[in-house]
Amino acid sequence: MKLVTETNFLLINSDTIDEFREAERSYTALANRPKGVIGMRNIFLIVALLAATAVAHPQSEVKPEKSGDMSAEIANHKQAVTILFEECFSQGHIERLPDVIASDYQGSNGQSGPPVFAAIITGIRTYLPDARYTLEDMVAEGDRVAVRWRLEGTQDGPFHGFPATHKHVTTSGMAIFQFKTNRIASSWILNDSLRFMQQIGALPSEIKPPTQPTK
């Protein structure tokens, strides 16, 4: 049985190959000899072989990602989210969406890729033409970015059958974005829709969100 080959290891110096081959021959001979006392020299050779095997790394092993590379990736993710809110949502530059949204992003309306967000942004800016998003918190780790935002604007257009009120409204929301190849591949979004509907008069102000039970 072949125990050592030159291509199986990265950390074995070529000058020591002959020594390991000698250890291999000694190990094979010892495996085939009757039980008895093993010479000290052969013990040292076997120990050297096992020690080298323990620290050797196969060529196919994936090297761990450097912390610097991970930091750069997280910075890219945060920059993409900033572009999404400040340029796409707040300024209506939907042409930038392919730079930040993955082509296989799946929306709930059956669309995929950047058109999912293009439809959302177009709809928002129909009833809030001056919509302005402010990112109040952003936390990133691994392939995900979590944000909390504030939305302000004037309802100068109809909203789902409710006429324009020309009122200045303020609402908020949160989202978690998951990235793949530096683009948003999926998301989980929560909006304060109740507050918005109350401000435009679509729901009475007496309606309150359910309170969390105290522990």
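Listed values, structure above:
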| quantity | calculated |
| --- | --- |
| Selection count where residues are outside any strand (DSSP E or B) and not polar (S, T, N, Q), scope the stretch 114-139 | 16 |
| Index of the failed condition, Arg125 passing every other in (1) crowded, with 16+ Cβ neighbours inside 10 Å; (2) touching a strand residue (DSSP E or B) at 6+ places or on another chain (Cβ under 6 Å); (3) of a type outside the set (A, V, I, L, M) | (2) |
| Residue count for the stretch 172-190, restricted to those that are in a strand (DSSP E or B) and either surrounded by fewer than 13 Cβ atoms within 10 Å (Cβ to Cβ) or over 34 Å from the mean Cα position of the chain (by Cα) (or both) | 4 |
| Condition check for Val169: open to solvent by less than 40 Å² (accessible area, probe 1.4 Å) and either outside any helix (DSSP H, G or I) or at positive phi (or both) | yes |
| Sole residue being under 25 Å from the mean Cα position of the chain (by Cα) and either open to solvent by 30 Å² or more (accessible area, probe 1.4 Å) or not polar (S, T, N, Q) (or both), chosen from Asp130, Asp99, Asp156 | Asp99 |
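The values are calculated or read from the model by the stated rules, or taken from the named source; none is laboratory data. This structure is a prediction, so every number in the text was calculated from the model and none was measured. Glycine also receives a Cβ, built like all others from the backbone with ideal geometry; neighbour counts cover every protein chain displayed. For accessibility, only protein heavy atoms count, side chains too; no ligands or nucleic acids. Shrake-Rupley method; radii C 1.70, N 1.55, O 1.52, S 1.80 Å.
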